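Quick note: the coordinates plus some simple rules give every number you see, no bench work behind them. Source: prediction; values computed, not measured. Using ideal geometry, Cβ is built from the backbone for each residue, glycine included, and neighbour counts are taken over all protein chains shown.
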There are 2 protein chains.
Amino acid sequence: MKVDSAGLDVLSREECLELLSSTPIGRIVFTDRALPAVQPVIFCLDGEDIVIRTGAESKLAAATRDTVAAFESDDFDPRTHAGWSVTAVGRTRAAHDPAEIARLSALPLAAWMPGKRDHFIVLSTERLSGRRIRSQSVPR
Amino acid sequence: MKVDSAGLDVLSREECLELLSSTPIGRIVFTDRALPAVQPVIFCLDGEDIVIRTGAESKLAAATRDTVAAFESDDFDPRTHAGWSVTAVGRTRAAHDPAEIARLSALPLAAWMPGKRDHFIVLSTERLSGRRIRSQSVPR
């Protein structure tokens, strides 16, 4: 296992993708009127892409049309602080092709919020990095 | 309870601060070499400011010197998707004054990662917004 300069286990791309497929909730990071913005989302992997379903008129849909965004998911034990986090940075695009939309509609992406959610954001995981923190390695 | 256009409960500033004080883990959102970046952190409230402890030489310390950053914390049930999220956007600064550093050092900010963590980032919660998602309101 590779360890980074801070003493944390460095996860491989394969481990990052496996962890991302183990949880339905993440956070997308984008720019909203020149300010950093972050929003929790339900997501799903489609191959190595991150797929998010939202409303076509949402602030998130508007802010993620053909830009670069970050995405983060994690799972930590609040008591021991042991856990993992995975961060992706990549280009985002809206799905437009009807065949792609039909395919993405079949993904296990539960509707989270009320309202029409017929817009799919696809984030490529060009840069994917992950760390694991072991409870044994946590000093006080 | 106020409800937003997506049908989510809008939390008051007081509720946001109360929820932030209920959890030790959040995510700070900043810009790293012109790209969006996000990093999980242990945090603590100091009045209405968010305080994060890190190493003085860390990427996070360098990226948050006198800028605007976002911060997010949440707690969702992965099964029902019920839960809450709170987002803050505000100016960040490094604590320099020895009296302030002594005071922040006494905060219940557990060391998370190995290594020297003697740098305090203070993020003001100028903009604070929160939403609650009730499991009852989640359609499939």
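Legend: ranking of residues B:72, B:14, A:15 from fewest to most surrounding C-beta atoms inside 10 Å; resulting order B:14, A:15, B:72. In terms of overall dimensions, the C-alpha atoms belonging to region A:9-134 reach 43, 33, 28 Å along their principal axes, ordered largest to smallest. In percent, rounded to a whole number, the relative contact order of region A:9-134 is 33, using alpha-carbon pairs under 8 Å and six or more apart. Take the Cα of residue B:65, step 7 Å toward its Cβ, do the same at residue A:62, and the gap between the two points is 3.6 nm.
Sorting A:86, B:68 by the number of Cβ atoms found within 10 Å of their own Cβ, with the fewest placed first, yields B:68, A:86.
Note that the protein assembly as shown shows a convex hull volume over its alpha carbon atoms of 128 Å³ per residue. Axis between B and A by rotation; chain B residue with nearest Cβ and distance in whole Å recorded as B:29, 3.
Ordered by the count of other Cβ atoms within 10 Å of each Cβ, fewest first, A:132, B:117, A:65 give A:65, A:132, B:117.
In nanometers and ordered shortest first, the copy-to-copy spacing of the residue B:94 label point, defined 7 Å from Cα toward Cβ, is 4.2. Secondary-structure-derived ellipticity at 222 nm for chain B, considering helices only, amounts to -3500 deg cm²/dmol, per-run term -39500 (n - 2.57) for DSSP H runs with n ≥ 4. With label points set 7 Å from Cα along Cα→Cβ, the inter-copy distances at residue A:65 are 3.9 nm, sorted shortest first.
Spin-label pair residue A:99-residue B:23: with each label point 7 Å from Cα along the Cα-Cβ axis, the two points sit 4.1 nm from one another. Label-point spacing for residue A:7 across the identical copies (point 7 Å from Cα in the Cβ direction), in nm and ascending order: 4.8. FRET efficiency for the residue A:106 to residue B:46 pair, using the beta carbon distance and R₀ = 51 Å, is estimated at 0.60.
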